[in-house]
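The block underneath contains the structure these notes are about, expressed in structure tokens.
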Amino acid sequence: MIGAAAVALIVAIGLMLIRVLLGPTLYDRVLAVNSMGTKIVLFIGVLGFVLGRPDFLDISVLYALINFVSTIAILKFFRYRSFQVPLMRRTAPRRTVQGGDDE
């Protein structure tokens, strides 16, 4: 039963890899990479269970954190085209009215 889960995860990872290569938009590709990372985390957990190595769960949790942070960083980069976001918004200069009454 565990072997079937591992095979299903490998097939799902393969399908996500196809989605990464053929995705129509950038956000589809980022979502596919994130999903592929999540499935790899599950595969590492199943592999650790099959081999009787509970320390693989620590590795999978670390990989999940790296996957999450990297996805957020990639989306931030593609939104702002930089990893540094300005702290203040640029406002349009105020227009002054010429020739008005100052009374």
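In table form, for the structure just shown:
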read-out: Leu31, Leu51 arranged by Cβ crowding within 10 Å, fewest neighbours leading; value: Leu51, Leu31
read-out: Footprinting exposure proxy for Ile72, Ile13 (fewest neighbouring C-beta atoms within 10 Å first); value: Ile72, Ile13
read-out: The stretch 2-80: relative contact order in percent, alpha carbon pairs under 8 Å with at least 6 residues between; value: 28
read-out: Arg95, Arg79 arranged by Cβ crowding within 10 Å, fewest neighbours leading; value: Arg95, Arg79
read-out: Debye, to nearest 20: dipole size of the stretch 1-83, +1 on Lys, Arg Cβ, -1 on Asp, Glu Cβ; value: 340
read-out: Mean shadow area of the stretch 2-80, taken as a quarter of the surface of its Cα convex hull (nm²); value: 5.1
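Taken together, the values in this text are just the output of simple stated rules run on the coordinates, not laboratory data. Small disclaimer: the values here were computed from a predicted structure and weren't measured. Every residue, glycine as well, gets a Cβ built from its backbone with ideal geometry; the counts of neighbours run over all protein chains shown.
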